[in-house]
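The values are calculated or read from the model by the stated rules, or taken from the named source; none is laboratory data. None of the values given here were measured: they were computed from a predicted structure. All Cβ positions, glycine included, derive from the backbone under ideal geometry; neighbour counts span all protein chains shown. Accessible surface areas use protein heavy atoms only, side chains included; no ligands, DNA or RNA. Shrake-Rupley method; radii C 1.70, N 1.55, O 1.52, S 1.80 Å.
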Amino acid sequence: MNGRRRSFLRLSSTARVAAACTAAGTLFLSGCSAFPGSSGGSRSEPITVVTWAPDDTNATNMPGMPAMAQAYARWVNDTGGIHGRKLHVITCNERNDAITAAKCARRAVDAKAVAVVGSYSQHGRSFMSPLEDAGIPYIGGYGLSEEEFSSPFSYPVNGGQATLLAGNGRQLANVCSAVSLVRPDTIAGDELPELLDAGLAEGDRKPATDVRAPEDASDYTHQVKEALTGAGAKSSGTGTGTGTGTGTGTGTGVSDGAVADTGGDEGCVTAALGKRTNTFFDSFRRAQKEDSRVRMASILGSVRQSLVDSTGGRNSPLEGTYATGWYPVADDPRWNPMHKIVDDYAFDDNRIDVADPGVQTTWIAYTVLKSVLTALDSDKITARGVRTSLDRGHTTDTGGLTPKLRWRFEDLLPIRNYPRIINANVTYQVVKDGKLVAVKQGFVDVGQTLVNRKVA
């Protein structure tokens, strides 16, 4: 897609040594008797894992993810631990910085962590190599970087931004005559346009206008004007402003029930700027003509319930905005176990927003961790033991928040550039009466959309 893409067929030094030793039949000879992450721990020693995310930066901050990890560990330890062993969570501020992301990974290596769990970073090139060299699995990353979906040491619980953008394209294909995508001007952001276009193509729509934006801007007026032009903004006298539709009107809709068909004559601006989306929306409201027919949309993580609440709730200008997410809506009963643990063990930690997809991803990632650790014998709880169990087909039931998760070779979807995706499901949501609610029940599988997409 661009000259910066790295081949995902590389092997870490750990993988190469393991392959060579196995081929030679010399696993018990000097130099092949042990691998990084393979030494067992005492039954009384804590089980150490690491969770990282950026905090106190000028870009997207995700402090709720390490806070959720700490609350989860308190619950596990208060209820007997894992085989009687304490779960020790080390947190690291990744600072949205490649050098610091690598330092967080080396911290996991130094601590002999059995896994990095439920973390957020767009700097996969920086953090994955140290983990691979030490044999440490990366479970349930947020899904921002290519490496999370190419490294054999990564075990993603969702389809990352690839599925969100493809799903968003399908969601908008039947209602939008033209679409503009506002996204970060970063390597991770470079992945997004072709993914959105894959979903749009299924509705015979042309590719979106690609609007690049700085991650740390305080004003996006220039990008708003470019996006409105790309979406075909024009004076209609009876337009919808920033989006007042709720997806409940009549019409045939697209085949997966994404949205109601309003005639396909509206333009759409979809933003994927993380927590900077709020700043973009502020600029959008100031710059957009009240009578231009442009509908707002986004991916979940950019549009959050907290953002809707802070901009007016039922009176929010985000009313009618469509969003594509990975999981059921926040008030779905399947989230009740997480809500109870947050209530009982987070001690009013205001960093944790249970509607935040980062917090939700951390919860699911730790559900996977607990499931695999419980299934292992205590003396086999090592980084290597965790990887081996997952590679051999350990299955985690997340209570319906995702399909059952399993990472055997045959479970991997044949998606170019994202060969580690096992879960390509998304959900369609809309802001209605000040709440993010489901447009339709159940999941929408966009795996085939990604398989069929054209790669630039």
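Miscellaneous remarks
- Criterion (at pLDDT below 90, charged (D, E, K, R) and within 20 Å of Gly301 (Cβ to Cβ)) met by exactly one of Glu215, Glu194: Glu215
- Filtering region 86-96 for residues that are closer than 27 Å to Asp344 by Cβ and free of Cβ contacts under 8 Å to residues at least 40 places away in the same chain leaves an empty set.
- Comparison of Ser180, Ser121 shows that the only residue that is within 23 Å of Pro63 (Cβ to Cβ) and surrounded by 24 or more Cβ atoms within 10 Å (Cβ to Cβ) is Ser121.
- Which numbered condition Asp379 fails, given (1) open to solvent by 40 Å² or more (accessible area, probe 1.4 Å); (2) under 20 Å from Phe443 (Cβ atoms); (3) touching a Gly at 6+ places or on another chain (Cβ under 7 Å): (2)
- Those helices (runs of 4 or more DSSP H) lying entirely in region 333-395 with at least 3 residues in contact (Cβ under 8 Å) with a residue 12 or more places away in the chain and under 20 Å from the mean Cα position of the chain (by Cα): 357-375
- Some residue of region 128-137 being within 19 Å of the chain's Cα centre (by Cα) and more than 18 Å from Val386 (Cβ to Cβ): no
Table: residues versus (1) in contact with a Ser or Thr (Cβ under 6 Å, 6 or more places away or on another chain); (2) among the polar types (S, T, N, Q); (3) open to solvent by less than 20 Å² (accessible area, probe 1.4 Å).
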{"residue": "Thr277", "(1), (2), (3)": "yes, yes, yes"}
{"residue": "Phe284", "(1), (2), (3)": "no, no, yes"}
{"residue": "Arg293", "(1), (2), (3)": "yes, no, no"}
{"residue": "Gly301", "(1), (2), (3)": "no, no, yes"}
{"residue": "Leu307", "(1), (2), (3)": "no, no, yes"}
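- Residue match in region 242-264 (condition: touching a strand residue (DSSP E or B) at 6+ places or on another chain (Cβ under 7 Å), open to solvent by 60 Å² or more (accessible area, probe 1.4 Å) and either modelled with pLDDT under 70 or in a loop (DSSP other than H, G, I, E, B) (or both)): no
- Positions within region 317-340 being crowded, with 20+ Cβ neighbours inside 10 Å and either at pLDDT 95 or above or not hydrophobic (A, V, I, L, M, F, W, C) (or both), in sequence order: Pro317, Glu319, Gly320, Thr321, Tyr322, Thr324, Gly325, Trp326, Tyr327, Pro328, Trp335, Met338
- Residues in region 213-225 that are within 27 Å of the chain's Cα centre (by Cα) and either closer than 15 Å to Pro184 by Cβ or of a type outside the set (Asp, Glu) (or both): Ala213, Pro214, Glu215, Asp216, Ala217, Ser218, Tyr220, Gln223, Val224.
- When Ser180, Ser218 are checked against the criterion of being within 19 Å of Val430 (Cα to Cα) and among the hydroxyl-bearing types (Ser, Thr, Tyr), a single residue qualifies: Ser180.
- Against the list (1) part of a loop (DSSP other than H, G, I, E, B); (2) in contact (Cβ under 8 Å) with a residue 24 or more places away in the chain, the condition Tyr428 fails is (1).
- Qualifying residue in region 410-420 (condition: open to solvent by less than 10 Å² (accessible area, probe 1.4 Å) and out of contact with any helix residue (DSSP H, G or I) (no Cβ under 8 Å at 6 or more places or on another chain)): no
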